[in-house]
Each structure stands twice: as structure tokens, then as C-alpha cells.
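*Asks:* The structure that follows is given in the form of C-alpha cells.
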Amino acid sequence: MSSKKTILNSIKANKSQNPIELPETNIPHMHYEDKNEKFATMLASVGGNAIWLEDGDINAFVKEHYKDVTVITSTIENLTCKTKEANLAQTPHELEDVELAIIEGEFGVAENGAVWVKNPKNKYRALYFLAKQLLIVVKKDAIVDTMHEAYERVRFDKDGYGLFISGPSKTADIEQSLVIGAHGPTAACVLFV
Amino acid sequence: MKIGLFIPCFMNELYPDASMDTLTILENLGLDVVYPMEQTCCGQAQANTGCSHEASVLAKRFLKIFKDYDYVVAPSGSCVAMVRENYAQWLEGEEGFEHLKKNTYEITEFLHDIIKPENLKFSFSFPHKVSIHNSCHAHRELHMASMSEKNEPEFSKIKTILNLIEGIELLEPSRKDECCGFGGTFAVSEEAVSTAMGIDKVNDHINTGAKFITGVDMSCLMHMQGLIDRQKLPIKTLHIVQILAGGK
Amino acid sequence: MGHPELAEKFIANDERMHWHDKALWFVRAKRDNASKSVDEWEKLRKVASQIKAHTLDKLDYYLEEFEKNATAKGLHVHWAKDAKEHNEIVLRLLLNNGAKKLVKSKSMLTEECHLNPYLEEHGIEVVDTDLGERIVQLRKEPPSHIVLPAIHLKKEDVGTTFEEFLGTKKGNSDPTYLTRAARAHLREKFLGADAAMTGVNFGIAETGGVVVCTNEGNADLGASLPKLHIASMGIEKIIPRLKDLAVFTRLLARSATGQPITSYTSHFHAPIIDGQMHIIIVDNGRSAIIGSKDFKSSLQCIRCGACINTCPIYRRSGGYSYGYTIPGPIGSTLGASKDLRANKTLPFACSLCASCSNVCPVQINLHQQLYKHRQSVVAQKLLGFQKHTILKIATWVMKYPLLMDISGKLARAIVPKLPRSIVYSKVNLWGKKRELPPFPKNSFKELYKQRKGK
């Protein structure tokens, strides 16, 4: 008998004959009066920061805030501040030198400062983790209250990979001291435009 | 209303005064209280050690002795929790068990839920700082106060009752419902952890600045008092009935 | 050695024990704050528990759904009935792909299967990439906690270890400095890896994908560089629907560390370009637990570690005192279900305070399970003759009130007259650090009778 069969038979032999019902997940949940403020507060609490860009000029923003950064990639088309085309790399390993990755996020989640990132056109997911800093660009007002609303917007019909990113990578594995910048980006800014 | 007084076995032998205080409190309320002479032990030590057969023998005995009272009241959260939360595995379906289960109360809980605070009057004062010991079974199984683990409104039946006494100042340790490490046979089978937990808990009580530690379980208090006496620490344990009966 | 002896050793270093207790209490306090910031917290716990209970009731169905949907998305699904088969599958996949260097993110399942030594014996370089795991791996220690693998170590210990293995400066134990050193060291390992392994937090039956939650980004970095990604998943990690994740992601990180969510919540439904992704579904004793009414719900666990952090025994006895892959309340019940004889002291490493059951985000009745396991210990005659005999005699005495009264009276008369050296001899474990209460002249019953007689 295959192991699959062995396992499934064992489960069948052991499981309850009266399964309990699957509950609804969309329970009444919190709503925030000012979602932007909640998002910014939560993101700050996990080491990131949120900025609302009034004029929508990402190039100018990058020029001003990332002065010493030279290797910049972006999944957003027509950004003049971009200096490296990530999708042209032969292997993801070539993205090791990226100092700033500008990526698109679909929406933010107020309760935890996370942004849903999918970027179907981005060839290498490694980009999100190899880059020294992340700049996630999200449409203004694309913020939901909680994960309940967030998952209503998440689909996996075609694309294989997507993730919620909440701030920069971090660890507290040494004596519970929080250190920002573990293996992934050491900074993560969410830019609403 | 006829009340069966249930005195934990070790309290009967070692704490006759606190046991008597329990009786006094109930009698002072004009209640008809009987102490059934044939009672011995609820079987908690056996049950908590996994000796199911032995525990079941004592559970059945207990039911026979106490099933005909309107209420069974005891000065112990954990012995009451034994009846209410653990007896079902041996007594489910037995005649009188549902009634017993529903009507067995720890005394503070009984004063709070059945007599009601508005009907209670204490004619004495107790002008002391008292640190509340939330013993685990009273706290988490009988749910006599809100738990730090849960997202629930704050309440404490113990505090509500004690606050009726003039002059009393109630305090709580920084870890208000951390276990003291008594745990029944745990106290000896895991002696090192048990005493380490106990000392930490006593120190947390001392740091409130209280003169007394009070709670609804003599077993936890006995464990902490044992540590206090050995280390000659500046605090003293009192069972809640010792305060409620007139605070000597 | 059982838990009491190992615990006593840990407690012997009072300063270290208290440091450990405080470190974990700090995490518990953060968890409390996070859980209280969500109004519907208790409702979430209930729904999470129901989802998991439902899934276990139909687990065969959901596993097949998962396999079907994962396969349709181009993922390879394997089934392993036990640890041995799991390890063999991993090795085969590595060898078939010519992989010699493996980077691995945290997976308690691979710990349970003792995968690392197996692969190393077969010439594979295995690098644990979670910082805490890497620290203990370099020290040749197992993790002492499921979320905080190196929680038993002080930064100075880590400093010494890194000095030896990573060449950091002697005496420098600054956490940021050490973390940066590990980052540089592990970055090399990531870039040079031939294959990556991750655990699985959730396997979604509906979509056929898996979700991995991390803070460091190590799982993603591993899974997105080399062409081969192997994910090991216990059968109980399945959830029915994508939207169930709303409930679990709201609970998991808040319960684990008090964060609102992990830095990365990654959903894998495809390998990287030109890569392969394999998922190994592992039983290893789990399906048998489904058949146990008392212990089934232990399989609802989402491995947040909250029960471990809140456990007053764990905090004072350390992860190694349990002698099982997973320590604390959840480990004690899983360990006892798996091998009661080997883990017979674990159900008793608990004061039945019930804090664990109330922090658990999926409402596992942990303390009640440990209580029930004690009954199995007795039923299988593993309690120890002396303890059982004492309780049998006590019970016999308690059946006869007169006998009980006489015993009590004798004890109260004799004990106070005995010399201290006898009362507090070695066999009196109570008296090692505690005084006995004073023995009164009369029992309550005697006083009650006297009063009635008046």
C-alpha cells in the first residue's frame, strides 16, 4: 500500500463520524475611523514607515530620500530613478547588489501595517528579500481595516506567489532584543500615491 | 435553604479555625448549615495524579453524602472545581449529580452569586493592606475573576466581597494570576519548580506592600506560608474566611 | 532523567532561571497587549478552533483536495507515513537534483524527524537559517523553544559562539552587531545554496498552496534563490479555505510574540522560474491522535508558542527539561500521545493552572489533556509503585470516616512531638524548602461535635 493510502486510511479509521460544521470567517470585526493613521501607527510599531505623497512624484521622492543609493530597481514602469532592470538578470543571485527595490503593493491593512504584494510582472521574488531597502508603492486610499477584508481581495487563480509584507525584516532571537534587518531588507517604507 | 458544609480533608485536620470561620459566616447569615459527619475527601489528589479508579470511589461517596442539600458550600476553590469540572467523568448520569454540580459553591462565590453583595453587611473593619491571591482553579475553572489571558471585562468576585469590609485596602501582585506552584501532588513530585514558583509568588505579594495575602484556597496559602515561615518573610497568609468572619 | 530532575538542575542556577522566566514573561506580556487590542479576540479563538476541529474531522478529504489543487498548479506532493520516509524523500530529491548544500528555515517537523543528522550523514551540508536556529545549530544544541530557539542563551553566550564560528570580535555581544555578522555569514549560504527547505504554517486545501510566516525573511530568501524548494508539512497543517487565513494570521503572531502580524506572510503556489517545488505531507503518528477523543484537539496547534511562554513551569525549568522536541504544555501532550513511556513525567510537569488553555489561540484544552494523560500513565502502570500505593492506601482510609479521624488524630498528636530532624528528614520533600503548618490539637470535626454537644 502506498504511504498516501496508509495515511488516508488511518485518518478514515480514526476520524469522527459527526464532523462539526465549518464556521464563517467573516465575524464582526474592528473598523478604524482613520485607517491611514492606524496603518501608519502599526507600520511604525514594526519598524517601517508610511508616507503619503501629495504630488505623486516618486522620482523626486527617491531622489530626495535615497540620496546615496545607486543600485535601484523598480517593478513600476517608466521610473527614471531606476538604475537596474531586475527582470533582465539571468539569475536572482544577480540582484544581490540592489540597494533599493521599488515595488508595487496592492493594498495596505490598517490593523497590522502589512501590504499585499503580488507583482505578477516581477520575475524574481528574491528581489523583495535581497534588496537592502524596500519602497512599496500603494494607491492612496487602498487600505482595508483587517485581514478579513484583506483576504476577500486575495486570489490565487493564476499567479503563484504573493505575500503580506509588514515592515522590514527583523529578529529578536538574541536575548529578545529587537534588531531591524535580519536576512531581508533593513528598511521598508510604504509610499501612498 | 439547606446547606451542606463541605470542608476539605486537610482543612478539617490542620485548619479547624478557618473551617469554623466558614461555618460561622454561613450561620451568621441565618442559614441552615449542616456538616455531614461521614464526609472525608473529594478525591482531588487522586484525580490529579491520574488515579482515576480511586478518585471515582471518592466521587461516588461524595455524591451520596451531599446530593440532598440545596447547596454545598466549601472554603476551597479547587475542591469545588473538582466537583463541578471533574466529577462528570465518573458521575455523569448518576441520580442527583446534575443538581450537585450546579449547586456546589466556593464560599466567596456563594456569597457573591447566591446571597448577593447587596444583602451582605460586615459589622467590623479590617484596616490592613491585603494582597489578593487568585488561586488557579477558583480563578480559571470557577472563573471567579477575569483572567489576564483573556480579552474580557475586568471583574473579581473576591474583591467585590472583600471591598464590603470597612478599611480594607486591596492590592494585587504584578502577575496577578500567576500560579504559586502548589498544584497538589505537584508540590512534592516537582518540588524544585513548585518551591521556585512559590517564592516568586510570595515575593510578588510582598512587593505590593501588603501585610496579608488572602485567597480562597488554603492549599496555596499553606504552600506559601511554608515558604514564608522557612525564610522568615514579612507577610502572612489568611484564608478569606478568616477575614470575612471578623478579621482577628 | 525525567522532568523533575532536569528542572531541578536548571533551577539550581537561580539568577539564570529568573532571567529566563522574565524573558518569557516579557513575551507573554506583549502577547496580552496584542490580544487585548483586538475587540473580537475571543471570537477569533473560537472560530479558529472550529475551523481546525472541522478540518480534522474531514482531514482525508481536505488532504486529497490539497494534493489535487497543488498538483494542478505544478507542485509536487509526496506522502510520508513516518520520519524515516520523510527523510528519505528529502534526500532523494536532493540527490536527484545534484544538491549538496541545503538552506533550511525553521521547521519543528524536521526537528521531530531528526532530518539534519540524517542528511549530514549522507554528505549534505545543512544550514539552519533562522538566526536562533543557526545559533543553536553552531552550538550543536536542539532548539529550546519552538518560536524562540535560543531563548535559553544570553547574548554573551551567542557572542562566544559567533567568535568561534564566525570570527566576530572577542567580547562583543551587542545583539545588532551579532545579528549583522550572522546576516553576512548566512547571505553567503543563501547565495551558494542548491536547495531550500521550509516548514509550512498553513496548507490551503482550496488553492493547493502553502503559507509560511517569518520575521527574518529567511524562508523566502531560501525558497526564492535555489531552484529546488522542499516544504515539509504535518497533516494537521491543512486549512480548508484561503479566507480562513484571515482568522489565523490575526491570531498567530499576536499570540507568538505580540506582533500584529509576522513581517512576511508568504503564499507559495508555484516554484520560482525554472524551479521545482515539492511538498511532503507527513503523518508520523498524527493520524492515530485523531482517533483519541481526549487528545485530538492537540492537532489544532498552530505552533505559536503562547502556551510555552505562559507556562510557569517552562519559564522556570527551561526547554531542555522536557526532553522532547517541543517543550511546554503542547509538547507535553503531544509527547505523551506519541510515546507515553518515554515521556511519562511530562503530564506531571504541570500544576494544572490552566493558563495555557486560556492563551491558546485555537482553544486547545491543554491542561485537561495533561490531566487525562496522567490517567493513562496510571493505567499503563507507569506512575511508580510508591506513589500509587500511597494514594491507594489514602483512598482506602478515606472510605471510612472513623479510620480517617483516627489517622488524623494520631498525626496531630505525634508529629508535633517528633524531633525536627525526623519530621524534616530527606523523605519529606515538602519540608525541603517549606515548613509544615502547625498541627492543631483538634480537628474541625471534633470542634463541631463539641459545639453541637453543648
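The values are calculated or read from the model by the stated rules, or taken from the named source; none is laboratory data. The model shown is predicted, which means the values in this text are computed figures rather than measured ones. Virtual Cβ from ideal backbone geometry, glycine too; neighbours counted across all protein chains shown.
*Asks:* Surrounded by fewer than 17 Cβ atoms within 10 Å (Cβ to Cβ) and at pLDDT 95 or above, is that true of residue C:189?
*Replies:* Details: surrounded by fewer than 17 Cβ atoms within 10 Å (Cβ to Cβ): no; at pLDDT 95 or above: yes.
Taking the combined requirement at face value, the residue does not satisfy it.
*Asks:* Six or more apart or on different chains, Cβ under 6 Å: which pairs go from a residue in the stretch C:34-56 that's under 16 Å from residue C:298 (Cα atoms) to one that's aromatic (Phe, Trp, Tyr)? Could you list them?
*Replies:* Matching pairs, first to second residue: C:55/C:62.
*Asks:* Out of the residues in the stretch A:51-68 that are assigned to a loop (DSSP other than H, G, I, E, B) and surrounded by fewer than 17 Cβ atoms within 10 Å (Cβ to Cβ), which is modelled with the lowest pLDDT?
*Replies:* Per the stated criteria, the residue is A:56.
*Asks:* Identify all residues within the stretch A:1-39 that are without any contact (Cβ under 8 Å) to a residue 60 or more places away in the chain and under 34 Å from the mean Cα position of the chain (by Cα); write none if there are none. Walk me through how you get there before you give the answer.
*Replies:* Initially, the stretch A:1-39 is screened for residues without any contact (Cβ under 8 Å) to a residue 60 or more places away in the chain, giving A:1-24, A:28, A:33-34, A:37.
Of everything in the stretch A:1-39, those that are without any contact (Cβ under 8 Å) to a residue 60 or more places away in the chain and under 34 Å from the mean Cα position of the chain (by Cα) turn out to be A:21, A:22, A:23, A:24, A:28, A:33, A:34, A:37.
*Asks:* Another one. Counting just the residues of the stretch C:417-454 that are of a type in the set (Lys, Arg), in a loop (DSSP other than H, G, I, E, B) and within 37 Å of the chain's Cα centre (by Cα), which one comes out nearest to residue B:75 (Cα to Cα)?
*Replies:* Here the answer is C:434.
*Asks:* Would it be correct to say that residue C:157 is surrounded by fewer than 20 Cβ atoms within 10 Å (Cβ to Cβ) and within 22 Å of residue C:321 (Cα to Cα)?
*Replies:* Yes: the conditions hold for residue C:157.
*Asks:* Of all residues in the stretch C:348-357 being crowded, with 24+ Cβ neighbours inside 10 Å and in a helix (DSSP H, G or I), which is farthest from the other protein chains (Cβ to nearest Cβ)?
*Replies:* The extreme case among them is C:356.
*Asks:* Checking the conditions here, which among A:143, A:165, A:136 is aliphatic (A, V, I, L, M), out of contact with any Pro (no Cβ under 6 Å at 6 or more places or on another chain) and within 7 Å of chain C (Cβ to nearest Cβ)? Talk me through it step by step, then tell me what you get.
*Replies:* Numbers: A:143 fails: within 7 Å of chain C (Cβ to nearest Cβ); A:136 fails: within 7 Å of chain C (Cβ to nearest Cβ).
Among A:143, A:165, A:136, only A:165 is aliphatic (A, V, I, L, M), out of contact with any Pro (no Cβ under 6 Å at 6 or more places or on another chain) and within 7 Å of chain C (Cβ to nearest Cβ).
*Asks:* Turning to a different aspect of this structure: If I ask for residues that are surrounded by 13 or more Cβ atoms within 10 Å (Cβ to Cβ) and more than 9 Å from every other protein chain (Cβ to nearest Cβ), which ones from the stretch C:387-402 would you list?
*Replies:* Result: C:390, single match.
*Asks:* Do we have residue B:114 as assigned to a helix (DSSP H, G or I) and either of a type in the set (Val, Ile, Thr) or farther than 24 Å from residue B:23 by Cβ (or both) here?
*Replies:* Yes: the conditions hold for residue B:114.
*Asks:* Could you pull out the residue among A:40, A:44 that is surrounded by 14 or more Cβ atoms within 10 Å (Cβ to Cβ), within 22 Å of residue A:181 (Cβ to Cβ) and at pLDDT 95 or above?
*Replies:* From the options A:40, A:44, the qualifying one is A:40.
*Asks:* Quick one: how many residues across the stretch A:46-76 are farther than 23 Å from residue A:36 by Cβ and within 19 Å of the chain's Cα centre (by Cα)?
*Replies:* Residues in the stretch A:46-76 being farther than 23 Å from residue A:36 by Cβ and within 19 Å of the chain's Cα centre (by Cα): 4 in total.
*Asks:* On to the next question. Which of the residues belonging to the stretch C:210-250 are more than 24 Å from the chain's Cα centre (by Cα) and under 18 Å from residue C:74 (Cα atoms)?
*Replies:* Across the stretch C:210-250, the qualifying residues are C:223, C:224, C:226, C:227, C:228, C:229.
*Asks:* Hey, could you check the stretch B:228-237 for residues that are surrounded by fewer than 22 Cβ atoms within 10 Å (Cβ to Cβ) and touching a helix residue (DSSP H, G or I) at 6+ places or on another chain (Cβ under 8 Å) and say which is nearest to residue C:317 (Cα to Cα)?
*Replies:* Applying the filter and picking the extreme gives B:231.
*Asks:* Let me ask something additional. Got a sec? Which of B:190, B:169, B:178 is charged (D, E, K, R) and under 23 Å from residue B:10 (Cα atoms)?
*Replies:* B:190
*Asks:* Are there any strands (runs of 3 or more DSSP E) wholly within the stretch C:183-234 with 1 or more residues that are hydroxyl-bearing (Ser, Thr, Tyr), and if so which?
*Replies:* Here the list reads C:195-198, C:209-214, C:228-234.
*Asks:* For the stretch C:28-62, enumerate the residues that are at the interface with chain A (Cβ under 9 Å from one of its Cβ atoms), within 15 Å of residue A:111 (Cα to Cα) and polar (S, T, N, Q).
*Replies:* C:37
*Asks:* Need pairs with beta-carbon distance below 7 Å; first residue over 19 Å from residue C:350 (Cα atoms) and touching a residue at least 24 places away in the same chain (Cβ under 8 Å) and within the stretch B:44-65, second of a type in the set (Ser, Thr, Tyr) and buried (at least 24 other Cβ atoms within 10 Å of the Cβ); sequence gap 6+ or separate chains.
*Replies:* These pairs meet every condition: B:59/B:87.
A quick yes/no check of all residues on (1) in contact (Cβ under 8 Å) with a residue 40 or more places away in the chain; (2) in contact with a helix residue (DSSP H, G or I) (Cβ under 8 Å, 6 or more places away or on another chain); (3) over 14 Å from residue B:136 (Cα atoms):
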site: B:165; (1), (2), (3): yes, yes, yes
site: B:168; (1), (2), (3): yes, yes, yes
site: B:174; (1), (2), (3): no, yes, yes
site: B:182; (1), (2), (3): yes, yes, no
site: B:195; (1), (2), (3): no, yes, yes
site: B:199; (1), (2), (3): no, yes, yes
site: B:204; (1), (2), (3): no, no, yes
site: B:207; (1), (2), (3): no, no, yes
site: B:216; (1), (2), (3): yes, yes, no
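*Asks:* Okay, next question. Among the residues that make up the stretch B:184-197, is at least one of them in contact with a strand residue (DSSP E or B) (Cβ under 6 Å, 6 or more places away or on another chain) and either of a type in the set (S, T, N, Q) or part of a loop (DSSP other than H, G, I, E, B) (or both)?
*Replies:* The answer is no, given that none of the residues of the stretch B:184-197 is in contact with a strand residue (DSSP E or B) (Cβ under 6 Å, 6 or more places away or on another chain) and either of a type in the set (S, T, N, Q) or part of a loop (DSSP other than H, G, I, E, B) (or both).
*Asks:* Right, something else. Report, by residue number, each residue of the stretch C:70-108 that is closer than 21 Å to residue C:326 by Cα, among the basic types (Lys, Arg) and more than 12 Å from chain A (Cβ to nearest Cβ).
*Replies:* Scanning the stretch C:70-108 gives a single hit, C:104.
Listed here are the residues, each with its yes/no results for (1) surrounded by fewer than 23 Cβ atoms within 10 Å (Cβ to Cβ); (2) free of Cβ contacts under 8 Å to residues at least 12 places away in the same chain; (3) more than 8 Å from chain C (Cβ to nearest Cβ).
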residue	(1), (2), (3)
A:90	yes, yes, yes
A:102	no, no, yes
A:108	no, no, yes
A:116	no, no, yes
A:125	no, no, no
A:128	no, no, no
A:131	no, no, yes
A:158	yes, no, yes
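*Asks:* Then there's this: Go through the stretch B:198-214 residue by residue and tally those that are among the small types (Gly, Ala, Ser) and part of a helix (DSSP H, G or I).
*Replies:* Qualifying residue count for the region: 1.
*Asks:* Looking at the stretch A:111-193, what strands (runs of 3 or more DSSP E) fall wholly within it and have at least 1 residues that are among the β-branched types (Val, Ile, Thr) and under 14 Å from residue C:220 (Cβ atoms)?
*Replies:* A:114-117, A:161-165
*Asks:* Of everything in the stretch C:214-252, what is at the interface with another protein chain (Cβ under 8 Å from one of its Cβ atoms), under 26 Å from residue C:310 (Cβ atoms) and touching a residue at least 12 places away in the same chain (Cβ under 8 Å)? Give them in sequence order.
*Replies:* Residues satisfying the conditions are C:215, C:216, C:244, C:245, C:247, C:249, C:250.
*Asks:* Could I ask something else about it? If you go through the stretch B:31-39 one residue at a time, do you hit one that is within 26 Å of residue B:214 (Cα to Cα), assigned to a loop (DSSP other than H, G, I, E, B) and away from chain C (no Cβ under 14 Å)?
*Replies:* Yes; the residues of the stretch B:31-39 include at least one that is within 26 Å of residue B:214 (Cα to Cα), assigned to a loop (DSSP other than H, G, I, E, B) and away from chain C (no Cβ under 14 Å).
*Asks:* May I ask you to say which residue of C:419, C:438, C:361 is within 9 Å of chain B (Cβ to nearest Cβ) and either in contact with a Ser or Thr (Cβ under 7 Å, 6 or more places away or on another chain) or surrounded by fewer than 19 Cβ atoms within 10 Å (Cβ to Cβ) (or both)?
*Replies:* When all the criteria are applied, what remains is C:438.
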